[in-house]
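Okay, so here's the structure we're looking at.
The values are calculated or read from the model by the stated rules, or taken from the named source; none is laboratory data. A quick note: this is a predicted structure, and the numbers were derived from the prediction, not measured. Because the Cβ atoms are built from the backbone with ideal geometry, glycine has one as well, and the counts that use them run over all protein chains shown.
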């Protein structure tokens with residue numbers, strides 16, 4: 001039994017090493033440079049061994065994106081849990097979203113197809129991709145006194161927030177933004193403006 005546990009642990013360690021190597025390559029050379037051969041070189045395995053864990057480079061990309069959404073969602077939930085007021089929750093969550101994007105630039109680019117050729121349909125179909133929606137729309141619904149989380153109004157307000165924040169993130173990831181101080185002021189102005197507009 002101990003031997004079986006050890007084998008499972010080693011397999012999981014190898015899988016983690018593959019993903020870490022992939023992310024390291026992306027951070028150093030960009031998403032376009034990622035290949036199974038490069039991953040194998042970094043972890044000093046042969047390429048066929050990588051294929052035992054992931055069927056293709058796309059499968060690795062998908063798993064990295066899945067992990068990115070889990071990490072983002074955890075941070076959003078932690079931000080939300082700091083406040084009881086839905087308005088404060090929304091402000092804290094969108095600021096946390098901004099911080100996540102810049103602390104995890106490569107993951108964020110992969111998750112949303114910025115400077116990458118992401119298979120967006122596959123990424124969007126990940127169950128984890130819906131977690132930020134679930135966390136944030138709860139506060140929007142509470143603030144607006146709407147129970148139906150699938151209502152068009154909540155959907156519209158979520159995408160209003162997301163369009164502004166993601167747009168500002170994207171501009172800065174492409175090095176077209178202004179100073180950090182100005183960016184943060186624009187971000188806060190936009191978030192608080194939307195919150196005021198949806199507060200009954």
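Per-structure values
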item: Condition met for residue 55 (modelled with pLDDT of 95 or more and at negative phi); result: no
item: Cβ pairs under 6 Å, 6+ apart, first in the stretch 130-152 and touching a residue at least 12 places away in the same chain (Cβ under 8 Å), second outside any helix (DSSP H, G or I) and loosely packed, with under 15 Cβ neighbours inside 10 Å; result: 137/149; 141/149
item: Candidate set: the stretch 80-116, residues that are more than 24 Å from residue 196 (Cα to Cα) and out of contact with any helix residue (DSSP H, G or I) (no Cβ under 6 Å at 6 or more places or on another chain); chosen: the one surrounded by the fewest Cβ atoms within 10 Å (Cβ to Cβ); result: 103
item: Failed criterion for residue 71 (all others in (1) modelled with pLDDT of 95 or more; (2) over 22 Å from residue 126 (Cβ atoms) hold); result: (2)
item: Options 20, 13, 106: the member that is under 19 Å from the mean Cα position of the chain (by Cα), part of a helix (DSSP H, G or I) and outside the structural domain of residue 123 (by TED's automatic domain parsing); result: 20
item: Qualifying positions in the stretch 153-175 - without any contact (Cβ under 8 Å) to a residue 40 or more places away in the chain, over 17 Å from residue 193 (Cβ atoms) and out of contact with any helix residue (DSSP H, G or I) (no Cβ under 9 Å at 6 or more places or on another chain); result: 175
item: Checking residue 65 against (1) over 26 Å from residue 182 (Cβ atoms); (2) surrounded by fewer than 20 Cβ atoms within 10 Å (Cβ to Cβ); (3) touching a residue at least 40 places away in the same chain (Cβ under 8 Å), the condition it does not meet; result: (2)
item: Odd one out for residue 87 among (1) closer than 30 Å to residue 23 by Cα; (2) in contact (Cβ under 8 Å) with a residue 60 or more places away in the chain; result: (1)
